[in-house]
Amino acid sequence: AVAASLQRDMEYASRKAEEAAEVKGPAPIGRVTVTGTVLSTKLVENEFGATLKMLVKLENNSKVWCSAPSRETIDRGDVITFAASFEVSKDDPSFAFGKRPHLVSRVAR
């Protein structure tokens, strides 16, 4: 068990080092159409109901976090093109938050 844990820790560290060395482009600003790969999805609940959110890695290695387009099944690994209004994060110029997404196309993994 200890050996397996050490192996996972080493793999995680190497993945993080590769990600840190990656050159990231600027995050999109305003109402733009972007293309990227869905890294993860998460169901977020609040007092108004549940919303499916997604983290997308764009072609220029920047990332965006926004609601998933409605009436579509979005899975991890899908390549999607969608339009949304983006606002750049105050902490990271290569990360943006999106709202009101509209799916243009989806290619399942």
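Some observations on this one:
- Computed with a 1.4 Å probe over protein heavy atoms only, the accessible surface of the chain comes to 68 Å² per residue.
- Of the chymotrypsin sites (Phe, Trp or Tyr not before Pro) in region 20-109, those whose Cβ has at most 10 other Cβ within 10 Å and which sit in DSSP loop: PHE48
- Accessible carbon and sulfur surface of the chain relative to its total accessible area, %, 1.4 Å: 53
- In loop segments of region 22-109 as defined by DSSP, the GluC sites (Glu not before Pro) with at most 15 further C-beta atoms inside 10 Å of their C-beta are GLU22, GLU47, GLU59, GLU72.
- Projected area averaged over orientations for the chain, convex hull of C-alpha atoms, nm²: 8.9
- Percentage relative contact order, the chain, counting C-alpha pairs under 8 Å, at least six apart: 27
- Of LYS42/LYS90; LYS16/LYS90; LYS24/LYS63; LYS63/LYS99; LYS24/LYS99, pairs whose Cα-Cα distance is over 20 Å: LYS42/LYS90; LYS16/LYS90; LYS24/LYS99
- Alpha-carbon centroids, region 1-38 and region 47-87: separation in whole Å: 17
- Net charge dipole, the chain: roughly 280 debye, given to the nearest 20, about the Cα centre with Cβ charges of +1 for Lys and Arg and -1 for Asp and Glu.
- Nearest 10 degrees, 0 to 90: helix 2-21 Cα axis against the chain principal axis: 50
- Accessible area of LYS16 in the full protein assembly, 1.4 Å probe (Å², nearest 10): 90
The values are calculated or read from the model by the stated rules, or taken from the named source; none is laboratory data. Please read all numbers here as calculations on a predicted model, not as lab measurements. Positions of Cβ are backbone-derived with ideal geometry, glycine not excepted, and every protein chain shown enters the neighbour counts. Accessible surface areas use protein heavy atoms only, side chains included; no ligands, DNA or RNA. Shrake-Rupley method; radii C 1.70, N 1.55, O 1.52, S 1.80 Å.
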